Amino acid sequence: MSNHCIIKATFNILPQESDKANYYIDDPEVGMNELGDILKQVFPHTLYKYQIESMKTVLAGNDLFLTVGTGAGKTEVFMFPILKDLLEEKATNAVIIYPTKQLAADQEQRLAYYCNQILEATGRTITYSRYNGDLSKQDLEQIEKKKPQILLATLDKLFYRCFKEDKHGFLDWIKQTDVLVLDEIHAGSGGYLTHVREFIDVFKKINPKLRVILASATVKDVDSFRDNFLPSAKIVQAVGKRGVVRVMILPKASLERFIFERIDPHLQRTGGVCLVFVDSIQKVS
């Protein structure tokens, strides 16, 4: 098989069944109280051990540095405690910072889903809004005036806001937030991470009771990263696993030979099935 190449890609594998704690969001052990009862129907999943440990850390008023693979339920770890505290009036507002506008927009949809469930069950409205460059000047001014309980923002827009005239006390309201979340922090680099550190330092000095949550999919040196940005944070890290995908690319002249000489004998032994994608079916029997 000459003139072929192999492309290799790695990806995160979600935590396994053994990493689950056999508790649901409405179990007393989790500590979500009324919110757990409300969200059980729309979040009917067995929680991972890292989710319970992380949520308990936040609910206890402590800082958290969470690192776990994408798609493993990281968002709920900080979103549920925020909603619980707002519902129980133990917090007045929260700021969630994302590295991109698209991510903020995507997460707004998830937050809206949970807030609608709360509204239907209790009649109580939890206000939220995006705050990024996709919004008009008029829209941003309305947000600053209304001061939603949860703000989903991009860091660049909040930094730009610091140099504008504050007509509605929006900046002071931001600095007095109860919970500050910096999601997908691994996606930033250079100047972005410098601004992250400055934001945390400023917020902590103004409000020592502030809870800060750093969330990341992958960080090489977790302890060093935590110490550099938020030394007070408890590290919660799900068991890291990696998967590998290898794709062989062959010239068309070699494809049929490869199938019958290499793949078919193996499938005959194992009883397997082979799926082949080709750009023409004229020579495929």
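Only the coordinates and a few stated rules stand behind these numbers; no lab work does. Remember, it's a predicted structure, so these values are computed and weren't measured experimentally. Positions of Cβ are backbone-derived with ideal geometry, glycine not excepted, and every protein chain shown enters the neighbour counts.
So here's what we get for this one:
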quantity: Hz values of 3J(HN,Hα) by residue in the stretch 192-201 - Karplus curve (6.51, -1.76, 1.60), Gly and Pro given as x; calculated: 4, 5, 5, 5, 4, 4, 5, 4, 4, 4
quantity: Proximal aspartates and glutamates to residue 20, defined as alpha-carbon separation beneath 16 angstrom and excluding residues fewer than eight positions away on the same chain; calculated: 29, 53, 76
quantity: Principal-axis tilt of helix 74-87 within the chain, Cα atoms, nearest 10 degrees; calculated: 20
quantity: Rg over Rh [alpha-carbon atoms, Kirkwood Rh] for the stretch 11-242; calculated: 0.94
quantity: Sum of -39500 (n - 2.57) over DSSP H runs of 4+, divided by residues of the chain (222 nm, nearest 500); calculated: -12000 deg cm²/dmol
quantity: Candidates 174, 249, 213: whichever shows maximal mean-square fluctuation once the chain is modelled as a Gaussian network with Cα springs under 10 Å; calculated: 249
quantity: Cα-based helix-to-principal-axis angle, 137-146 vs the chain, degrees rounded to 10; calculated: 60
quantity: Within the stretch 30-63, backbone nitrogen closer than 15 Å to the virtual label 7 Å beyond the Cα of residue 237 toward Cβ; calculated: 50
quantity: Reduced Cα scattering model of the stretch 74-211, Debye log10 I(q)/I(0), q = 0.19 Å⁻¹; calculated: -1.22
quantity: Size descriptor, Kirkwood hydrodynamic radius, that averages inverse alpha-carbon separations across the stretch 160-229, Å; calculated: 13.4
quantity: The chain - share of DSSP beta bridges that are antiparallel (%, nearest 5); calculated: 25
quantity: Alpha-carbon centroid distance for the pair the stretch 67-122 / the stretch 158-202, whole angstrom; calculated: 18
quantity: Total formal charge among the other residues, if their Cβ is under 15 angstrom from that of residue 92, Lys/Arg +1 and Asp/Glu -1; calculated: +3
quantity: Degrees between helix 49-59 axis and first principal axis of the chain (Cα, 0 to 90, nearest 10); calculated: 10
